[in-house]
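Below is one structure; the comments refer to it alone.
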């Protein structure tokens, strides 16, 4: 770390690419595929915010609805660069400088038309990485401590549960949800 040490070196920057906390993987994206009807997007899912603070992206993974604007904050008051790419590699979707005086950057819906995962990097600070998950339906969540997640109000039926993690990759499995009852799912992710 040799750039902007006064801001970026205030605290040690931890590698958050694979965090295991309380026996589970943190920052895994869990989504249901094949849900044809059901709940509408919640207000919190219709807007997304990511911050550049301490020279890391917070939160590391943001989930948002297709065709939604993203608010990218710059709490560091130094030059950052918001560079998004589909998957691990690929052409740029957006590559926008965010100078220290521009504390908020509203990224247009045109960047988020298709569902999928966008990797976010900063060309100024090459260790900064995050992910934007543009979801096709509101049945999506991100794991927290213990690898726990909750997807509420799922209509009864059989679906494909998809789990994605930046290091551990993607895994899919069939799940059957009974109306009005919680469905427990245990997933093992391996490198």
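The values are calculated or read from the model by the stated rules, or taken from the named source; none is laboratory data. For clarity, every value in this text was computed on a predicted model and none was experimentally measured. When we count neighbours, we look across all protein chains shown, and the Cβ atoms used for this are built from the backbone with ideal geometry, even at glycine.
List of remarks:
- Within region 35-53, the presence of at least one residue that is assigned by TED's automatic domain parsing to the domain that holds residue 185 and buried (at least 19 other Cβ atoms within 10 Å of the Cβ) is confirmed.
- Candidate set: region 16-38, residues that are at pLDDT 85 or above and not in a strand (DSSP E or B); chosen: the one farthest from residue 60 (Cα to Cα): 35
- Qualifying residue in region 136-154 (condition: over 25 Å from residue 44 (Cβ atoms), surrounded by fewer than 17 Cβ atoms within 10 Å (Cβ to Cβ), outside the structural domain of residue 45 (by TED's automatic domain parsing) and out of contact with any helix residue (DSSP H, G or I) (no Cβ under 8 Å at 6 or more places or on another chain)): no
- In region 43-61, the count of residues that are farther than 22 Å from residue 108 by Cβ, touching a strand residue (DSSP E or B) at 6+ places or on another chain (Cβ under 6 Å) and either in contact (Cβ under 8 Å) with a residue 40 or more places away in the chain or not in a strand (DSSP E or B) (or both) is one or more.
- Criterion: in contact with a helix residue (DSSP H, G or I) (Cβ under 8 Å, 6 or more places away or on another chain) and surrounded by 13 or more Cβ atoms within 10 Å (Cβ to Cβ) - qualifying residue of 4, 76: 76
- Test: residue in region 101-116 that is under 18 Å from residue 62 (Cα atoms), within 14 Å of the chain's Cα centre (by Cα) and part of a strand (DSSP E or B): yes
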